[in-house]
Every structure is written in structure tokens, then in C-alpha cells.
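Data first, discussion second: the structure below is written as C-alpha cells.
The values are calculated or read from the model by the stated rules, or taken from the named source; none is laboratory data. All figures in this text were calculated on a predicted structure; none of them were measured in a lab. As a convention, Cβ positions derive from the backbone with ideal geometry for all residues, glycine included, and neighbour counts pool all protein chains shown. Each accessible area value is taken on the protein alone, full model and side chains, heavy atoms only, with ligands, DNA and RNA left out. Shrake-Rupley method; radii C 1.70, N 1.55, O 1.52, S 1.80 Å.
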Amino acid sequence: MKKVLMSGNEAIARGAYEAGVTIGCGYPGTPSTEILENLVKYKEEGVYCEWAPNEKVAMEVAAAAAITGARVIVTMKHVGLNVAADPLMTLAYIGVRGGMVICVGDDPGMHSSQNEQDTRNYARFAKIPVLEPSDSQEMKDFIGLGIELSEKFQTPVILRGTTRVCHSRSLVETRERKMGPVKVEFERNPQRWVPIPAWARSMRVKVEQRLHDAAEFGNTSPLNRIEWRDKSLGIVTSGVVYQYVRDAFPNASILKLGMAFPFPDAKIREFAAGVGRLLVIEELDSILEEHILAMGIACDGRNLVPGIGELIPSVMAKIKAAVEKSDITVPKPLPVAADLPGRPPVLCPGCPHRALFYTLKKHDVIVTGDIGCYSLGVLKPLERMDTILCMGGGISMTQGVQRAGEKRKVVGVVGDSTFFHSGITGLLNIVYNKGTSLVCILDNRTTAMTGHQDHPGTGKTLMGEMTREASIPELVRACGVKRVHTVDPLHLAELDRLVAEELEADEPSVIITRSPCLLKERKKNVVSRKINADKCKKCKKCIGLGCPAIELSATSEGGTVAPVINPLLCNACNECKQVCPFGAIEGE
């Protein structure tokens with residue numbers, strides 16, 4: 001036993017190892033990505049990990065392993081649970097044998113997501129328990145408790161983390177590994193594992209009984225605890241919000257729900273009866289508050305607590321002021337930061353995605369985008385993306401825009417990992433229903449936005465083993481596309497020619513821009529490009545690329561502004577050299 005400083009995600013991985021988990025599956029997505037990246041470090045101790053093409057596949061692999069008797073975890077971010085919801089809902093009926101914990105990273109405040117979701121809704125929807133850790137120690141411990149709950153009630157269990165607790169660090173007390181008691185061997189039992197209607201009806205009844213039993217467990221479990229202090233105010237809370245509450249309301253009594261669903265009604269009634277005023281503070285949806293009100297217990301909640309974004313200290317200060325009806329000054333930003341310019345995210349210097357958006361800007365087309373680094377193509381100065389919906393939507397939405405009667409050509413943009421995730425079916429739909437969209441697949445040889453994870457197209461597994469490399473061009477042709485081109489996007493003239501040519505096609509076409517992410521495969525001994533001041537006409541066409549390495553600087557001649565290249569940022573991609581009409585950019 002020893003204490004180690006760990007992030008929440010590192011602690012989940014350690015907890016899975018200690019709990020005897022032998023299989024980890026998932027799809028990368030912030031804030032959950034690092035869980036499997038840390039769990040795979042235990043591969044020498046018998047832990048197997050894999051990145052799946054998407055969250056639905058990961059859920060199905062993990063479910064099958066748990067049915068066979070293995071202890072497993074499956075990881076994803078909140079929007080990934082949408083993708084995995086189909087198998088989850090039925091898995092709640094058939095249940096598991098080995099323990100199974102679904103680790104979901106919610107993102108209040110949308111630090112790296114296209115929406116806010118509260119995963120507790122899925123737990124209530126699927127009728128399965130959800131655990132909410134409040135720090136790294138609980139992240140580790142709750143994995144073990146979740147595995148035990150899963151095996152006790154033969155159900156999957158959700159562990160809901162949030163960005164704040166997933167990425168924060170605190171001390172964790174580690175223990176030795178403990179293997180599960182269930183024999184890993186598939187037991188044939190069609191009436192349990194095959195939910196045809198005749199058998200699923202009895203499963204449905206068992207789900208309700210299991211939920212009732214789990215709620216009774218929650219009433220006595222140390223997962224849900226009462227902390228008595230000043231009884232004039234009692235606060236019901238869960239997850240990382242517990243830490244915020246302890247900071248803002250140090251004297252209040254607290255009901256901390258480590259298992260937020262199923263609701264421990266007896267514990268809630270006991271707590272409510274012991275305090276003068278009841279307040280529910282929860283992040284995002286008012287799930288606890290609505291249930292407590294439905295129990296006939298008066299409480300404050302959404303009338304004082306916002307349901308949007310994180311409950312950061314300034315927000316908690318406002319909540320406290322509202323509760324106490326006092327004037328509390330919210331800390332103001334440091335004045336030294338008031339004049340700093342905004343720093344929006346941009347594509348990296350030398351990013352191969354930049355070339356495609358620069359090229360598309362020359363054409364009057366609708367561009368349906370997708371989730372990835374290339375989402376930044378919507379920002380100035382490129383401004384060449386018109387929609388973003390979800391993973392794979394960059395392809396599927398082209399068909400909808402076209403069939404709605406839009407006269408302009410529609411271009412769908414999707415990344416390589418996203419194409420494998422959920423782009424293939426959208427492409428099949430375009431071909432099958434006789435669409436004429438141009439689809440651009442930006443293949444930078446990695447899952448870049450979440451930290452360079454491998455995928456079916458990289459030829460390497462999460463375990464570090466070499467494997468077969470899925471071919472995007474062959475998959476595209478298998479979908480029925482006849483016009484398929486692969487191009488290095490850093491060769492702008494060839495890219496220009498292909499885009500112009502394919503926009504004129506009266507059938508589906510695909511351009512695959514293939515060039516590695518420069519953050520993953522950095523060039524060695526790069527000689528940065530330079531702008532010859534004598535040749536530069538200050539037309540600023542190079543600035544239109546939006547490359548962070550190209551800056552505007554006042555010259556000594558009358559203080560006029562001219563572009564310069566920052567040698568510390570330049571990756572020598574040569575895109576600027578190709579767009580300069582005067583040959584002012586030099587270097588090889």
C-alpha cells in the first residue's frame with residue numbers, strides 16, 4: 001500500500017487493475033481518453049486493451065466479455081454514449097456475469113465538446129446504477145465498488161466522471177490486484193442471453209426488481225453518506241460538486257451521493273427530516289432535485305443553481321449569496337489580463353488540413369463538417385465550414401442538403417478516424433440514393449484531436465502490436481464510389497486541380513488528402529521559410545492561410561505592416577511558398 005499523486009483518469013486505470021479487470025475497450029474522447037492509455041501499461045500483468053472503431057463496437061465487445069465472465073471496463077466521453085446507447089439499453093435487460101463498468105467522461109462547460117450532457121439521464125433511462133466519484137481516490141475505489149455492484153446485481157454499472165475530476169490530481173492510496181471469482185467461460189443459456197420478445201418480457205420484470213434491490217443497497221451503503229454539521233441548512237450533492245460545496249458551505253450538513261441512481265429514498269428522507277432547509281446542488285440536469293420534489297419533499301435547486309456549465313468558484317459564490325440573501329463580491333479577473341488579445345484555437349503550423357480549406361474557399365460550395373482538428377476550418381481566415389453535427393455527420397449531411405434542393409455543390413469533410421468511426425454508412429447512403437456530393441477524407445494517419453491514438457487505418461493497436469492496415473481507398477470503392485483520388489494536400493496545385501474537377505462531376509466522388517499530422521511525425525532539422533522583403537508586395541495573401549507561423553510586423557520603412565515568418569513555429573510545409581504570387585517566400 002502506498003500513496004501516489006494521480007489524475008482521475010490514471011486512478012480509474014489503477015482501480016481497474018486492482019479490481020481484477022482483464023479487458024478494457026473504448027474510443028478516445030476528451031475527457032476520458034487517458035483511461036485506456038494508462039490501463040494498457042498493465043499489459044504485462046494480464047490486462048488486454050483495445051481501441052474500437054467507435055463506442056458502439058467497444059460497448060458490444062466489453063458486453064460480450066462480461067457475459068463470458070471477465071471483469072471489464074469500457075470508456076468513452078458523453079457524446080460517445082449516444083453512439084453506444086443501442087447495445088446499452090438491451091444489455092440492461094440481459095445483464096452480465098463478470099463485472100462491467102462503463103466509464104463516461106461528461107464535459108460541463110464544453111471545454112472540448114459540441115454539447116453538454118448529463119450521463120445520469122442514461123442511467124435512469126437504462127435502469128442501471130451510476131456512481132459519481134468526487135476525487136481521484138474515489139475514482140479508483142469506485143471502479144472496484146462498481147465491479148462488485150455489477151457482479152452482485154448482474155448488471156452493467158456507469159461511472160460518471162467530469163472534465164474537472166478526470167483531469168485533476170490528488171493523492172491515491174493504491175492496493176494489490178484482486179481477481180474476480182467468476183469463471184471465465186461462456187455458459188449457454190438462450191433464455192438469458194437472447195432477448196426475443198417472449199424472453200425479454202420476463203427480463204423486463206427482473207430489471208425493475210434489480211433496480212429496487214439496488215436502491216435498498218444504496219440506503220445502507222457507505223457510497224451514500226450523511227455528514228452532519230449545522231442542521232439549519234442541508235445540501236444534497238454528488239460527484240465533484242461535493243468538493244465545491246465543502247469549499248463554499250463549510251458548515252452545512254451534506255448528503256453526499258456516491259451512487260446517485262437508483263435513488264436512496266430512505267437516506268434522502270432521513271437527511272431531509274434532520275435539516276431546517278434543503279438545497280440540491282448538482283451539475284447540469286436537475287435529476288436529484290426533480291426526484292426529491294416528486295417524493296413530496298420541499299427543496300431549493302434550480303431556482304438558485306444554474307443548469308448550464310461548471311459550478312466554478314465564482315458560480316458557487318453567487319449560489320451562496322442567493323441562499324444567504326447576502327452581498328458576496330465575486331472575484332474579478334486580474335486587471336493585468338484585461339488587455340490581452342483573444343487566442344482562439346487554430347490549426348497548427350504546417351497542418352495538412354489547412355490546404356484543403358484554403359482550396360475550398362475558392363469555390364461557392366456548402367461544406368458540411370465533422371468532429372476533429374479540422375473543425376477549426378470554420379474560423380477566420382479560412383471560414384470554410386458551414387455545419388457540424390456529430391461524428392460521421394460530415395458525410396451524411398451532404399445528402400440532406402442536396403436533396404433539400406440546394407443548387408450549390410455540397411462538400412463533406414471528415415477525418416480518417418471519424419471515417420472509420422461512422423463515415424462509411426453515410427457514404428454508402430450517398431451512393432445508394434444517387435447523390436452527387438464530393439466527400440473529402442482528411443487522412444493524417446492518426447486520431448489527432450484526442451492525442452494521437454491509433455485506429456484501424458494506422459496498422460498499430462493500443463497494445464503496441466502491428467496489425468493489418470485498413471485501406472480507406474479500398475473501403476470507399478467498396479461503397480460503390482468510382483471517382484476516388486488520393487493526393488498530398490501540401491501540393492496545392494494538384495489539390496486545386498482535383499477539387500475543381502470533382503466539383504463538376506455528376507456522381508459521388510471522394511478525395512483523400514493524405515499527409516501525416518506534423519505533431520506526431522515531426523520533421524528533423526527543419527529550415528524555416530523566409531520572406532524576402534525586397535520581393536514582398538505586402539499583398540497578405542500568405543496571411544489568408546491562417547498559419548500561426550506567419551505574423552504581421554511593422555517594418556522600419558515608415559512603420560508599414562508586412563508579413564514575416566516566425567522561425568520558431570515554421571514547419572516548412574511550403575504552403576505559403578505556393579500561394580505567394582511574387583516568389584517572395586524562400587527556402588528549401
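Once the Cβ-Cβ distance between Arg403 and Leu428 is put in as r, and R0 is 22 Å, what FRET efficiency do you end up with, to the nearest 0.05?
Once rounded, the FRET efficiency stands at 0.90.
Normalised by the residues of the chain, what does the relative contact order come to in percent, with Cα pairs under 8 Å and at least six apart?
11 percent
In whole Å, what are the extents of the chain along the principal axes defined by its C-alpha atoms, from largest to smallest?
Extents along the principal axes, in whole Å: 80, 64, 53.
Please give the solvent-accessible surface of Lys362 in Å², to the nearest 10, using a probe radius of 1.4 Å with every protein chain present.
110 Å²
How do Phe582, Phe153, Phe249 stack up against each other in accessible area, from largest to smallest, with a 1.4 angstrom probe?
Phe582, Phe153, Phe249
Along the Cα→Cβ direction, 7 angstrom out, place labels at Thr90 and Arg229. What is the inter-label distance in nm?
A separation of 4.9 nm, rounded to one decimal place.
Determine the gain in length on full extension of the stretch Asn303-Phe125; use 0.36 nm per residue of separation and subtract their C-alpha separation, reporting nm with one decimal.
Difference between extended and current length: 61.6 nm.
Taking 0.36 nm per intervening residue step and subtracting the Cα-Cα distance, what contour gain separates Glu507 from Glu465 on full extension?
11.2 nm
So which GluC sites (Glu not before Pro) in the stretch 153-224 are both in a DSSP loop and have at most 13 other Cβ atoms within 10 Å of their Cβ?
Taking the stretch 153-224 and a limit of 13 other Cβ atoms within 10 Å, the loop GluC sites (Glu not before Pro) found are Glu176, Glu185, Glu187.
Per 0.36 nm of contour for each residue apart, how much would the distance between Asn566 and Ala273 grow if the chain were fully extended, relative to their Cα-Cα spacing?
98.9 nm
Based on Cβ point charges of +1 for Lys and Arg and -1 for Asp and Glu, what charge dipole magnitude is obtained for the chain about its Cα centre, in debye rounded to the nearest 20?
Computed charge dipole of the chain: roughly 240 debye.
For the stretch 389-464, which trypsin sites (Lys or Arg not before Pro) are both in a DSSP coil and crowded by at most 10 other Cβ atoms within 10 Å?
Passing sites in the stretch 389-464 are Lys407, Lys434.
Be a star and scan the stretch 562-588 for residues whose amide nitrogen sits under 18 Å from the point 7 Å along the Cα-to-Cβ vector of Ser553.
Of the residues in the stretch 562-588, 562-572, 576-577, 584-587 have backbone N under 18 Å from the label point off Ser553.
So how do 223-232, 24-33 stack up, highest first, on mean other-Cβ count within 10 Å?
24-33, 223-232
Semi-axes, largest first, in whole Å: what does sqrt of 5 times each Cα gyration tensor eigenvalue give for the stretch 29-112?
For the stretch 29-112, the semi-axes come out at 21, 18, 9 Å.
How large is the helix-only mean residue ellipticity at 222 nm for the chain, computed as the sum of -39500 (n - 2.57) over DSSP H runs with n ≥ 4, divided by its residue count, in deg cm²/dmol to the nearest 500?
The helix-only estimate for the chain comes to -10000 deg cm²/dmol at 222 nm.
Which order do you get for Arg384, Arg188 if you rank them by accessible area with a 1.4 Å probe, largest at the top?
If we order Arg384, Arg188 from most to least accessible, we get Arg188, Arg384.
Dividing the convex hull volume of the alpha carbon atoms of the stretch 331-423 by its residue count, what do you get in Å³ per residue?
147 Å³
What are the ³J(HN,Hα) couplings of the stretch 150-161, residue after residue, when phi is run through the Karplus curve with 6.51, -1.76, 1.60 and θ = phi - 60°? Round to Hz, x for glycine and proline.
Calculated HN-Hα couplings, in order: 4, 6, 5, 9, 6, 9, x, 10, 8, 10, 9, x Hz.
From a point 7 Å beyond the Cα of Lys43 in the direction of its Cβ, which residues of the stretch 417-460 have a backbone N at a distance under 11 Å?
460
Read phi for every residue in the stretch 516-529 and hand back ³J(HN,Hα) as whole Hz from Karplus 6.51 cos²θ - 1.76 cosθ + 1.60, θ = phi - 60°, with x for Gly and Pro.
Whole-Hz 3J(HN,Hα) from phi for the stretch 516-529: x, 4, 6, 6, 8, 10, 5, 6, 9, 6, 6, 9, 5, 6.
In terms of modelled amide H atoms, which long-range or inter-chain residues lie less than 5 Å from the amide H of Ile512?
Ile441, His485, Thr486, Val487
Output the pairs from Lys152/Lys231; Lys152/Lys178; Lys407/Lys540; Lys361/Lys407; Lys407/Lys537 with a Cα-Cα distance over 27 Å in this structure; if there are none, say none.
Among Lys152/Lys231; Lys152/Lys178; Lys407/Lys540; Lys361/Lys407; Lys407/Lys537, the Cα-Cα distance tops 27 Å for Lys152/Lys231; Lys407/Lys540; Lys407/Lys537.
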